[in-house]
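The values are calculated or read from the model by the stated rules, or taken from the named source; none is laboratory data. Only a predicted model underlies this, so the values are computations on that prediction, with no experimental measurement involved. Cβ placement follows ideal geometry from the backbone for every residue including glycine, while neighbour counts extend to all protein chains displayed. For the accessible areas, the whole protein counts, side chains as well, though only heavy atoms, and no ligand, DNA or RNA atoms are used. Shrake-Rupley method; radii C 1.70, N 1.55, O 1.52, S 1.80 Å.
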Amino acid sequence: IWEDAKESSGIKECEYETNIPDGFSVYVLYGPFERIFENLIINANDAMKNQSPRLIQLNCSYKEIEDQQVAYFEFKDNGPGIPKEIEHKIFEQGFSTKPKPDDANLWATGYGQGLYVCKTSVEDMHHGKIWVESELGKGAIFKFWIPMRQEG
């Protein structure tokens, strides 16, 4: 999924580092989960546009959270970070810090759909949790987990 997301994002300017344990596997809806990574890659690239190098790191592990085994992900960039005053808004549908595009393509950057789709996929489709931790000047870390066993 990670390799496909990097490819489909079309972003070639970033350096990627990964720490994915051998044999790490999760059972997810492939398309929506790939879109999570693709959206995070695109947003990170946009945030880091004025710097070099542009570094994206993905760390994966298994953890126990809320009394359940989960697949845990940390997606980190070395961009400018997210101001505290908007952190609570970034997953809202329609919220964007980018200018609205001139075209009608709803997948275009600036409509405020990317992080909303990430939240919907992680929390509603996969019954997990997503959040961001950020410090200005030091980048952002999007953290999310999904349970290893899905109910139903």
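Quick notes on this one:
- For Gln69, nonlocal amide neighbours, meaning residues 5 or more places apart or on other chains whose placed amide H falls under 5 Å from its own, are Met148.
- Lys143 - accessible surface, heavy atoms, 1.4 Å probe, Å² rounded to 10: 30
- Using a cut-off of 20 Å between Cα atoms, the listed pairs Lys12/Lys84; Lys89/Lys119; Lys12/Lys49; Lys49/Lys138 include Lys12/Lys84 as exceeding that distance.
- Taking each DSSP H run with n ≥ 4 as -39500 (n - 2.57) and averaging over every residue of the chain yields -6500 deg cm²/dmol at 222 nm.
- Angle between the chain longest axis and helix 30-47 axis [Cα atoms, degrees, rounded to 10]: 40
- Rg over Rh [alpha-carbon atoms, Kirkwood Rh] for the range 1-40: 0.97
- Solvent-accessible area of Met125, all protein chains in place: 90 Å² (probe radius 1.4 Å, heavy atoms, ligands and nucleic acids excluded).
- Accessible-area composition of the chain, carbon plus sulfur, in percent [1.4 Å probe]: 49
- Dipole of the chain, positive end: most advanced residue of Ser134, Thr97, Ile41 [Cβ charges, Cα centre]: Thr97
- Protein heavy-atom accessible surface, 1.4 Å probe, per residue over the chain: 57 Å².
- Partner aspartates and glutamates for Lys76 [C-alpha distance under 19 Å; skip if fewer than 8 residues away on the same chain]: Glu3, Asp4, Glu7, Glu13, Glu15, Glu17, Glu34, Glu38, Asp46, Glu87, Glu133, Glu135
- Placed amide H near Ala140: partners under 5 Å, 5+ positions off or other chain: Asp77, Gly79, Gly81
- Using a Gaussian network model of the chain in which every pair of alpha carbons under 10 angstrom is joined by a spring, one finds that among Glu38, Glu123, Glu17 the greatest mean-square fluctuation is at Glu17.
- For Ser8, neighbours were defined as the other residues whose beta-carbon sits under 13 Å from its Cβ, and their charges (Lys and Arg +1, Asp and Glu -1) total -2.
- Only protein heavy atoms count here; under a 1.4 Å probe, His127 has an accessible surface of about 100 Å².
- Working note: Karplus 6.51/-1.76/1.60 with θ = phi - 60° gives the range 126-131 the couplings 10, 6, x, 8, 9, 7 Hz, where Gly and Pro are set to x.
- Relative contact order (%) - criterion: Cα under 8 Å, at least six apart; region: the chain: 24
- Counting Lys and Arg as +1 and Asp and Glu as -1 over every other residue whose Cβ lies under 10 Å from the Cβ of Lys143, the net charge comes to 0.
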